[in-house]
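The block underneath contains the structure these notes are about, expressed in C-alpha cells.
Just so you know, all these numbers are worked out from the coordinates, no wet-lab data involved. This one's a predicted model, so the numbers in the text were calculated from it and none came from an experiment. Every residue, glycine among them, receives a Cβ derived from its backbone with ideal geometry; neighbour counts consider all protein chains shown.
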Ligand SMILES: Cc1ncc(COP(=O)(O)O)c(C=O)c1O
C-alpha cells in the first residue's frame, strides 16, 4: 500500500522531498518537546509533509492511508475549508469576544444549537477540549451556587479522559494522568463493572447504572454538581458503552437534579455516526463539550454548549452576572470560519450518515478477525473501529506493521483503533480493511 507515487483517487502535487530530511529530523529531536511522549521517543521518525483527502505523505514521499487522525472529518486539504479560512483571515482574523463580536462566531453558535436538542442554545468557544472541561465544570458548580444550594462534587468514569489541564485531568484516574498538584474538586470515580470488551453488551447495562447510582448517592448534603461522561471511552480503552446507557443516566441525574455534562470532544460531528452521539438516544444534556471534528483539525476550537436553564442562572451572579472564564483567542474568527465550512461539508456530503454506513461496512470486513489468535474483540461505533488484542505488545506490533504497510492507526493500551477521515470513500474503506487484516494476520502468534 505504501509507495512514493500517489495512490488512485488522490493527487500528489507537492515538490519532491528535499535533501534536508536528516537535518529536519535532527532539529526536531534537538528542539521539539513532544506531547504525551517519553523524552527518549523519536517522533521525528514519522515526519509528515502534506496530505489530500484520507491520504498523507511523509517527507520521503511515502504515502499512508491516515486512520489515526482523531479530529479528521473533511480530510486533508479540503478546498472549501481552505477557502473559508483564507477569506476570513483576509477580512478579520480576530476580535476579543470579551469586548466585541464578529459574524462567524454568531453563525456558528446558531448552527450548533440547530443540530442539538431544543434548549441547547448558548455556546462558549475555547481552544481545546481540556479548556472546554475547565469551563463546563465551572459552569456546573456556578449553577448550584446561583441556586443557593452549593454543590461541587463530580461523578465520572475512572477510565474517562477529559483533558490535560489541572482541573480536567483531575476528573480521571487513568494511568499517566496523575499530577503533582492537589485535585481542585472532589471527584467520585466509577469503575467499569466488567472488562472493556463486554461493556457494550446489554447485560452490562444494569451493573453500570447501579455503579453510577451509588456514586451519585442520595445524601442531600453530598449530591454531585454534575455527572461527566463520554458516550465512548476513547483514551480509557476505546470502550463502547451499551445502548440505552445515556438515556438511563439522564434519568438517574434527573432524580437528584444533578447536571449531565457530556464529553463529545471526540464523538461529535459525525464520528459516532450522528452529528452528536447523544442524538442516538435522544438525550438532552445540560452541557455538552465538543471539539476535534468541529474544524476537522484545521484550527484549534472547542465549543461548550449549555442548556438555557444553566445559562440563565448566571444573571443572578452577584459579582459580574456572567461566566468568569475565557481566553484571548476564544471564538477565533478564522477557526469559526473553518468550523462553518466543515459543517457545510458534513451536512452536504451527509458525513454522519456515511460514517455510520462505512463503519458498519468496515466492521463486517473485520469481524472474522475475532477468530484470529491474539485478537480478543472487534467492535466499533460510527466510524471508530477497534481491534482488542491480548497484550500491549501485540497491539504495538500490529500498529508498527500497519505503518510499514502504509496504514496509520492509533493504539490505546491493548487496543488498535482505526479512525479514518469521514470523507473516506468505499475504496478507501476496503483498503483500510485489507491493510488492517494483513497487519493482524502477519503479527498473529
Ligand atoms: C473524549 C476527550 N475529551 C477531552 C479531550 C481533551 O481535548 P484536548 O486534547 O483538545 O484538550 C480529549 C482528547 O483526546 C478526548 O478524547
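Some observations on this one:
- Label-point gap, in nm, between residue 434 and residue 201 - each point 7 angstrom along Cα→Cβ: 3.5
- Dimensionless Rg ratio for region 79-348, taking C-alpha atoms and the 2.2 N^0.38 Å reference: 0.99
- With 0.36 nm allotted per residue and the present C-alpha distance subtracted, the residue 107-residue 182 stretch has 23.1 nm of extension available.
- Potential lengthening between residue 121 and residue 219 on full extension [0.36 nm per residue; Cα-Cα distance subtracted]: 32.1 nm
- For the chain, share of DSSP beta bridges that run antiparallel, in % to the nearest 5: 65
- Of 325, 298, 269, the one that fluctuates the most in a GNM where the chain has Cα springs shorter than 10 Å: 325
- Top of 177, 71, 127 by mean-square fluctuation, Gaussian network on the chain, Cα under 10 Å: 177
- Equivalent-ellipsoid semi-axes for region 385-439 (Cα gyration tensor, √(5λ), whole Å, largest first): 20, 11, 9.
- With the simple model of a label 7 Å out from the Cα in the direction of the Cβ, residue 328 to residue 91 spans 2.5 nm.
- Relative packing of 226-236, 246-256, which averages over residues the other C-beta atoms within 10 Å, highest first: 226-236, 246-256
- Gaussian network model of the chain, springs between alpha carbon atoms under 10 Å - residue of 435, 160, 371 with greatest fluctuation: 371
- Hydrodynamic radius by Kirkwood, which averages 1/r over all alpha carbon pairs of region 74-145, in angstrom: 14.8
- The helix-only estimate of mean residue ellipticity at 222 nm for the chain, built from DSSP H runs of length n ≥ 4 each weighted as -39500 (n - 2.57), is -11000 deg cm²/dmol after division by the residue total.
- Rg and Dmax over the alpha-carbon atoms of region 303-429 stand at 21.0, 63 Å.
- Cα-based Rg of region 155-263 normalised by 2.2 N^0.38 Å, two decimals: 1.03
- Alpha carbon centroid spacing (whole Å) that separates region 323-357 from region 174-217: 30
- Quarter of the Cα convex hull surface for region 181-335, i.e. its orientation-mean projected area (nm²): 11.4
- Sites residue 147 and residue 22, calculated FRET efficiency, Cβ-Cβ separation with R0 56 Å, nearest 0.05: 0.35
- Fraction of the pair-distance distribution of region 30-187 above 27 Å, Cα-Cα pairs, percent: 49
- Sorting the segments 29-36, 354-361 by their residues' average number of neighbouring beta-carbon atoms within 10 angstrom, most packed first, yields 354-361, 29-36.
- Peptides 93-99, 39-45 ordered by average Cβ neighbours within 10 Å, highest first: 93-99, 39-45
- The slack in the chain from residue 316 to residue 284, taken as 0.36 nm per residue of separation less the alpha-carbon distance, amounts to 9.1 nm.
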